[in-house]
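Visitor: The structure under discussion is supplied below as structure tokens; questions concerning it will follow.
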């Protein structure tokens, strides 16, 4: 059995520098972990996984699985798993974890989920104001109607703030997959790897991502790290809307 600290909603912005940050954060916030796992959610136009794979820095290695890379230059080794983040026609975010397919934005949520590649882990991540109204109803329907679609949670959600759908999912015991979901702002890039779930599982060395994604679907995960304070979360959102979004464009 391996003890793995899994950040299930990762945006990398600085290549190897982000990997070093993640390794330090995993070692700090999950000292029992033998390794960290970063499940990437690259947006349209981003191709950092391909860049790292095609021009790897020192101590970054390919595995026998096309969707994974292994990094061993920090206090803990990291497994990096490729994945995509798409935005549906209804403006709902969908994480497609464990795939290198360049899934496009703009399809309806049902079609997005239906067309995902076999073996992909589909996650609908909670976001400020994104699980309300009509969109909230579509998210709830997708989670209720698809046994292999999971709710996601993020580090910057204050513990008291959740939609009814997220609360019901948490109470049901069904896995809620957690991660940092850092924004492309200088103040936010140090969070990668600092929050997620701990998996105690066996890893197939020939198919490590497949092993991890299968384990993620099981109930009983415990969290590592801590949530951003309410004040910190509000400051992050204000900074993003005031200037971070423009700087990232």
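Only the coordinates and a few stated rules stand behind these numbers; no lab work does. The model shown is predicted, which means the values in this text are computed figures rather than measured ones. Using ideal geometry, Cβ is built from the backbone for each residue, glycine included, and neighbour counts are taken over all protein chains shown.
Visitor: Need one word for the stretch 149-223: rounded, prolate or oblate. Basis is the Cα gyration tensor (sqrt eigenvalues a ≥ b ≥ c); a/c below 1.5 gives rounded, then a/b vs b/c decides.
Guide: Values: a/c = 2.50, a/b = 1.18, b/c = 2.13.
Oblate, because a/c is 1.5 or more while a/b does not exceed b/c.
Visitor: Please report the antiparallel percentage of DSSP beta bridges with both residues in the chain, rounded to the nearest 5.
Guide: Numbers: 23 of 41 bridges.
Within the chain, antiparallel bridges account for around 55 percent of the total.
Visitor: Separation of the stretch 1-67 and the stretch 80-146 by C-alpha centroid, Å?
Guide: 21
Visitor: Hey, what number do you get for the chain at 222 nm if only DSSP H runs of n ≥ 4 count, each worth -39500 (n - 2.57), divided across all residues, to the nearest 500?
Guide: Helix-only estimate at 222 nm: -8000 deg cm²/dmol.
Visitor: Sequence gap at least 6, Cα distance under 8 Å: using those rules, report the relative contact order of the chain to the nearest whole percent.
Guide: 24
Visitor: For the residues 221, 226, what sequence is obtained by ranking on other C-beta atoms within 10 Å, fewest first?
Guide: Ascending number of Cβ neighbours within 10 Å: 226, 221.
Visitor: Would you list 1, 185, 216 from fewest to most Cβ contacts within 10 Å? Write out the running numbers ahead of the final one.
Guide: Numbers: 1 9, 185 16, 216 22.
Ascending Cβ contact count within 10 Å gives the list 1, 185, 216.
Visitor: Hey, another quick one. Would you list 201, 156 from fewest to most Cβ contacts within 10 Å?
Guide: Ranking 201, 156 by Cβ neighbours within 10 Å, fewest first, gives 201, 156.
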